[in-house]
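A.B. asks: Mind having a look at this structure? Questions to follow.
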Amino acid sequence: MMLIEEATLPDTALPVDQFKAHLRQGSGFAEDGLQDAVIKGFLRAAIAAIEARTGKVLISRDFLWTRSGWRDRSGQTLPVAPVNAITQVTLINALGQETDVPISQFRLEQDSQRPRIRPVGGVLPMVSLGGSVRIRFVAGFAEVWDALPADLAQAVLLLAAHYYEYRNETVLSDGCMPFGVASLVQRYRPLRVTPGYGQ
């Protein structure tokens, strides 16, 4: 199983000005943009950490997921949430030959924790022995930063500020996630109610 983010977040999607305000950095000076590269790096790190902790994608983007087969042919749980659309399903045989399956044969069962790809009728198509299935989909809470849930946006700013303030620390404590951030993202963490969730 392999999940690939097909396009990274563009710099324009990062809340650089909001983060500067959060840090109470002054503005109107000649050096205004001096820290921008550092700020963007900490924002990207904070977004990645929160997405990893919650299994949720913040800003919408395209993903490519490859599996060696379905866990359950009546429906396959997708690896992240929220998923907005399934855009392509491709079967690949043991020789590497690819066959696109019409999207009309699938439906997306949206769920805040466990979105699934399901067949419109019957079961998901058979994956040949030694082959794989490749699924392209779009996932994310919002197209732009200002449309994100407020608690997740605040968690990113808090965590990025923590990284910024302690950027010279070389020793990490257990957990490495400040309490305020952990409490803000707690309700978004996956609920593990069955063995093998997300497999």
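A.B. asks: Which one of Arg114, Arg136, Arg73, Arg118 is within 19 Å of Met1 (Cα to Cα), in a strand (DSSP E or B) and open to solvent by 60 Å² or more (accessible area, probe 1.4 Å)?
C.D. replies: Arg136
A.B. asks: Another question, then. Consider Leu9 against the criteria (1) out of contact with any helix residue (DSSP H, G or I) (no Cβ under 6 Å at 6 or more places or on another chain); (2) open to solvent by 30 Å² or more (accessible area, probe 1.4 Å); (3) under 24 Å from Leu148 (Cβ atoms): it satisfies all of them except one. Which criterion is unmet?
C.D. replies: (2)
A.B. asks: Can you find a residue that is out of contact with any Phe, Trp or Tyr (no Cβ under 7 Å at 6 or more places or on another chain) and of a type in the set (Ser, Thr, Tyr) anywhere in region 158-165? Don't jump to the end; show me each part of the working.
C.D. replies: Initially, region 158-165 is screened for residues out of contact with any Phe, Trp or Tyr (no Cβ under 7 Å at 6 or more places or on another chain), giving 158-159, 161-162, 165.
Next, only the ones that are of a type in the set (Ser, Thr, Tyr) stay: none.
Checked region 158-165: no residue is out of contact with any Phe, Trp or Tyr (no Cβ under 7 Å at 6 or more places or on another chain) and of a type in the set (Ser, Thr, Tyr).
A.B. asks: Taking Val156 as the residue in question, decide whether it is in contact with a Leu (Cβ under 8 Å, 6 or more places away or on another chain), modelled with pLDDT of 95 or more and either surrounded by 13 or more Cβ atoms within 10 Å (Cβ to Cβ) or assigned to a loop (DSSP other than H, G, I, E, B) (or both).
C.D. replies: Yes, satisfied.
A.B. asks: Go over the candidates Thr99, Thr87 one by one and state the one that is exposed (fewer than 15 other Cβ atoms within 10 Å of the Cβ), assigned to a strand (DSSP E or B) and either touching a Lys or Arg at 6+ places or on another chain (Cβ under 9 Å) or touching a residue at least 60 places away in the same chain (Cβ under 8 Å) (or both).
C.D. replies: Just one listed residue meets the conditions, Thr87.
A.B. asks: Just give me the residues in region 102-111 being surrounded by 16 or more Cβ atoms within 10 Å (Cβ to Cβ) and modelled with pLDDT under 95, in sequence order.
C.D. replies: Result: no residue meets the conditions.
A.B. asks: I've got another one for you. So, in region 27-70, how many residues would count as being part of a loop (DSSP other than H, G, I, E, B) and either open to solvent by less than 50 Å² (accessible area, probe 1.4 Å) or at pLDDT 95 or above (or both)?
C.D. replies: 8
The values are calculated or read from the model by the stated rules, or taken from the named source; none is laboratory data. These figures come from a predicted structure and were not determined experimentally. We place every Cβ from the backbone using ideal geometry, glycine too, and count neighbours over all the protein chains shown. Areas reflect the complete protein model, heavy atoms only, side chains present, ligands, DNA and RNA absent. Shrake-Rupley method; radii C 1.70, N 1.55, O 1.52, S 1.80 Å.
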